[in-house]
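**Student:** Sharing a structure with you now.
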Ligand SMILES: Cc1cc2nc3c(=O)[nH]c(=O)nc-3n(C[C@H](O)[C@H](O)[C@H](O)COP(=O)(O)O)c2cc1C
Ligand code: SF4
Ligand code: FES
């Protein structure tokens with residue numbers, strides 16, 4: 001069993017809030033991913049068991065949503081929004097400089113497993129562009145120097 | 001943390017005050033008095049009449065009458081019925097709902113409570129986009145405070161009315177903003193939109209009658225109940241009453257949120273409030289309502305920001321996300337960014353959409369690289385025509401409109417790329 005008793009209890013709590021069990025599937029996947037870092041085949045199978053679904057049904061859901069990761073990434077996920085309002089204010093240049101700074105390309109993870117860098121679509125920070133999402137936190141109104149500082153401070 | 005809007009009106013008046021985010025602070029400003037009035041003194045039908053009369057239009061993009069939508073909910077039968085608050089905000093250029101969640105959680109909850117009374121709904125699901133972790137945490141806290149104070153749960157205001165609220169987090173998919181894609185996602189499935197009819201009022205969340213409204217739509221409601229329909233109609237235009245929070249982005253001196261009456265001229269928003277383009281450069285074009293809405297050229301910015309007037313200029317108000325592009329901007333590059341987004345986010349159910357969004361992106365990228373040919377512009381228009389009004393949801397239309405808008409007003413940019421076999425705008429934003 002890869003999903004802890006604690007997480008299972010939390011999933012039961014989520015299930016109780018919905019008229020049908022399956023309504024709690026996204027909340028459950030969030031919980032499991034938070035605990036394990038990503039949604040491995042074992043974790044997926046266990047989630048499927050809890051929800052009385054076939055693993056493939058859960059896999060389909062995982063692959064539909066950008067925020068669920070079937071494979072392990074870095075300890076931190078860093079995203080640069082490159083949608084139009086952010087691009088108009090230099091987001092693509094910023095992404096390129098961060099790629100160079102970390103020595104990886106968007107979509108890759110640093111060799112020390114510290115950071116996965118990627119671009120993302122609009123994150124609702126368009127007036128404070130360019131911006132980064134680092135795990136669950138937004139950093140806005142950035143310039144290159146500040147963005148690098150933020151990355152360098154990540155453990 | 002978001003900065004407080006540059007111009008404020010009734011919705012955002014207290015957004016600079018941290019106390020307003022707490023139940024205590026909200027109540028000190030008269031919060032939940034409107035809900036109390038609605039539930040203790042008005043019948044559900046009265047509330048629906050009032051909201052209809054106010055002319056409140058949905059603020060999630062389509063501008064449909066909120067009161068009218070509520071009236072579609074069945075009032076008989078003993079099956080449960082639901083409200084859904086659409087907080088998936090993922091239309092590029094839109095970020096108004098985020099501040100309404102972060103700084104006005106109780107205001108929105110009060111609107112939800114009033115709507116729940118009006119429609120006699122059992123539960124509201126608030127679908128917050130997954131990336132909005134901080135706003136969702138704020139909202140979770142507001143919901144807990146409201147339960148603790150007896151404003152949610154059983155026997156609200158001692159009137160025997162019961163209502164529950166569930167905050168649900170999405171997981172990153174633009175299409176979950178479309179109301180039936182949202183419902184599928186809420187049920188734990190892929191967010192693929194449903195064929196309509198049946199409409200959500202008959203067959204919605206978990207198969208039950210459901211009304212879906214946007215965060216901002218709900219947030220206006222307490223003010224209407226408190227001050228009356230005539231007061232509300234004192235803002236905005238005859239057909240589009242009230243204020244709206246406009247999110248300005250792109251090449252302006254002062255990007256940010258501005259709460260202004262509906263019908264405020266676009267040029268006033270761009271040049272006065274957002275203070276125009278930096279360093280004295282000129283505007284080339286402005287997308288008025290989020291990325292799905294067709295662009296307007298610099299000469300057409302005197303248009304009032306209301307659907308009735310924007311439609312005359314072949315565009316729409318959408319979510320009020322105003323994107324400003326200066327004179328250096330390459331409109332083909334803009335098209336590359338826009339079409340990439342729609343290609344990436346199509347849910348893939350309809351051939352016209354899945355294939356069409358891919359083609360649009362491929363063709364504009366080819367033109368940008370200098371590899372476009374004479375027929376490519378007609379081909380783009382042809383693909384757009386095949387995508388419009390033919391699919392399960394309006395996403396395909398939303399993908400075609402911005403391309404049509406760019407070709408309507410900036411065809412020259414595309415033709416110049418084909419002629420010169422390269423991008424003629426070296427100073428444009430980087431791709
Ligand atoms: C592709 C697509 C994406 C949408 N995204 C959103 C969204 O993120 N937020 C929203 O409130 N409405 C969105 N809508 C509109 C909803 O389908 C729905 O009309 C709206 O939530 C109803 O609320 P309202 O009447 O209060 O505006 C979207 C529509 C489409 C076609
Ligand atoms: S129009 Fe596009 S997004 Fe909408 S249902 Fe069809 S394929 Fe999916
Ligand atoms: S475009 Fe980057 S946050 Fe909206």
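None of the figures in this text is laboratory data; all of them are computed from the coordinates on show. Not measured: the values here are computed from a predicted model. Note: ideal-geometry Cβ built from the backbone for every residue, glycine included; neighbour counts use all protein chains shown.
**Student:** Counting DSSP beta bridges with both partners in chain A, what percentage is antiparallel, nearest 5?
**Tutor:** Working: 7 of 13 bridges.
Bridges in chain A that DSSP calls antiparallel: roughly 55 percent.
**Student:** Follow-up question, since we're still on this one. Could you give the distance between the Cα centres of region A:102-152 and region A:41-65, to the whole Å?
**Tutor:** What the calculation gives is 29 Å, centre to centre.
**Student:** At each listed q (0.21, 0.23 Å⁻¹), what is the log10 of I(q)/I(0) that the Debye formula gives for region A:1-119 modelled as equal alpha-carbon point scatterers?
**Tutor:** -1.06, -1.18
**Student:** What translational diffusion coefficient, to the nearest whole µm²/s, does region B:13-70 have by Stokes-Einstein, given a Kirkwood radius computed over alpha-carbon pairs, a temperature of 20 °C and 1.002 mPa s viscosity? Could the numbers behind the result be given before it?
**Tutor:** On the way: Rh = 13.3 Å.
Value of D from the Cα-based Kirkwood radius: 161 µm²/s.
**Student:** Let me know the Rg and Dmax you get for region A:20-82 when you use only its Cα atoms, in Å.
**Tutor:** Gyration radius and largest Cα-Cα distance of region A:20-82: 12.0, 39 Å.
**Student:** Multiply the residue gap between residue B:45 and residue B:239 by 0.36 nm, knock off their C-alpha separation, and tell me the result in nm, one decimal place. Intermediate results must be reported in sequence, preceding the final value.
**Tutor:** Details: separation 194, 0.36 × 194 = 69.84 nm, distance 2.26 nm.
67.6 nm is the gain from fully extending residue B:45 to residue B:239.
**Student:** Here is a further query. Could you work out the relative contact order of region A:76-152, using alpha carbon pairs under 8 angstrom and six or more residues apart, expressed as a whole percent?
**Tutor:** Relative CO of region A:76-152 lands at 39 percent.
**Student:** Taking the Cα-to-Cβ direction at residue B:68 and at residue B:421 and moving 7 Å from each Cα, how far apart do the two end points lie in nm?
**Tutor:** Taking the two extended label points, one gets 5.4 nm.
**Student:** Take the Cβ-Cβ distance between residue B:24 and residue A:16 as r, set R0 to 35 Å, and report the resulting FRET efficiency rounded to the nearest 0.05.
**Tutor:** 0.75
**Student:** For peptide B:4-16, how many partner chain Cβ atoms fall within 10 Å of a residue's Cβ, on average?
**Tutor:** The mean count of partner-chain Cβ atoms within 10 Å per residue comes to 0.
**Student:** In nm, to one decimal, how far is the residue B:408 label point from the residue B:431 one, both placed 7 Å along Cα→Cβ?
**Tutor:** If labels sit at residue B:408 and residue B:431, their model points lie 2.4 nm apart.
**Student:** If you don't mind, there's one more thing I want to ask. Can you give the calculated 222 nm mean residue ellipticity of chain A, where each DSSP H run of n ≥ 4 adds -39,500 (n - 2.57) and the sum is split over every residue, rounded to the nearest 500 deg cm²/dmol?
**Tutor:** Mean residue ellipticity at 222 nm (helix-derived): -13500 deg cm²/dmol.
**Student:** Can you give the helix-only mean residue ellipticity at 222 nm for chain B, where every DSSP H stretch with n ≥ 4 adds -39500 (n - 2.57) and the sum goes over all residues, rounded to the nearest 500 deg cm²/dmol?
**Tutor:** -12500 deg cm²/dmol
**Student:** Considering the Cα trace of the protein assembly as shown, what is its radius of gyration and what is Dmax, both in angstroms?
**Tutor:** Radius of gyration, then largest Cα-Cα span, for the protein assembly as shown: 23.4, 74 Å.
**Student:** Next question, about the same structure. Working only with C-alpha atoms, what are the Rg and Dmax values of region B:165-294, expressed in angstrom?
**Tutor:** 18.8, 55
**Student:** Now, a different point. Report, to the nearest 10°, how far helix B:133-148 tilts away from the longest principal axis of the Cα atoms in chain B, using its own Cα long axis and a range of 0 to 90°.
**Tutor:** 10
**Student:** Which order do B:68, A:59 fall in if you start with the one that has the fewest other Cβ atoms within 10 Å?
**Tutor:** Ascending Cβ contact count within 10 Å gives the list B:68, A:59.
**Student:** Still on this model: Which semi-axes, in whole Å and largest first, does the equivalent ellipsoid of region A:100-154 have when worked out from the alpha carbon gyration tensor as the square roots of 5 times its eigenvalues?
**Tutor:** After scaling each eigenvalue by five and taking roots: 20, 13, 10 Å.
**Student:** Sequence gap at least 6, Cα distance under 8 Å: using those rules, report the relative contact order of region B:18-233 to the nearest whole percent.
**Tutor:** Contact order relative to length: 30 percent.
**Student:** Using only atoms on other chains, find how many Cβ atoms lie within 10 Å of each Cβ of peptide B:95-104 and report the average.
**Tutor:** 2
**Student:** Moving to a separate point now. Considering only DSSP beta bridges where both residues belong to region A:76-152, give the percentage that are antiparallel (nearest 5).
**Tutor:** Bridges in region A:76-152 that DSSP calls antiparallel: roughly 55 percent.
**Student:** Looking at the square roots a ≥ b ≥ c of the eigenvalues of the Cα gyration tensor of chain B, which shape do they give, rounded for a/c under 1.5, prolate if a/b is larger than b/c, or oblate?
**Tutor:** Prolate, since a/c reaches 1.5 and a/b exceeds b/c.
**Student:** What is the distance, in nm, between label points placed 7 Å from the Cα along the Cα-to-Cβ direction at residue B:275 and at residue A:141?
**Tutor:** Each label point is offset 7 Å from its Cα along the Cβ direction, giving 1.2 nm.
**Student:** Give me the number: length gained by fully extending residue B:17 to residue B:120, i.e. 0.36 nm times residue separation minus the C-alpha to C-alpha distance, one decimal in nm.
**Tutor:** Working it through step by step, the gained length comes to 33.8 nm.
**Student:** Hey, if you drop one equal point scatterer on each alpha-carbon of region B:18-233 and run the Debye formula without solvent, what base-10 log of I(q)/I(0) do you get at q = 0.10, 0.16 Å⁻¹?
**Tutor:** -0.38, -1.06
**Student:** Run the numbers on region A:5-64 and let me know its relative contact order in percent, using alpha-carbon pairs under 8 Å that are six or more apart. Display every interim value, and only then the final one.
**Tutor:** Details: 39 pairs, mean separation 13.4, N = 60.
Across region A:5-64, relative contact order equals 22 percent.
**Student:** Against the globular-protein guess of 2.2 N^0.38 Å, express the Cα radius of gyration of region B:305-431 as a ratio, rounded to two decimals. Let's see the in-between values first.
**Tutor:** Numbers: Rg = 14.5 Å, N = 127, 2.2 N^0.38 = 13.9 Å.
Compared with the compact-globule rule of thumb, region B:305-431 sits at 1.05.
**Student:** Same structure, new question: Run through the DSSP bridge list for the protein assembly as shown and note the antiparallel percent, rounded to the nearest 5.
**Tutor:** Numbers: 24 of 52 bridges.
Just about 45 percent of them are antiparallel.
**Student:** Regarding region B:243-326, what's the average projected area of the Cα-atom convex hull, expressed in nm²? Before the final figure, lay out the partial values.
**Tutor:** Details: hull surface 17.4 nm².
Result: 4.3 nm².
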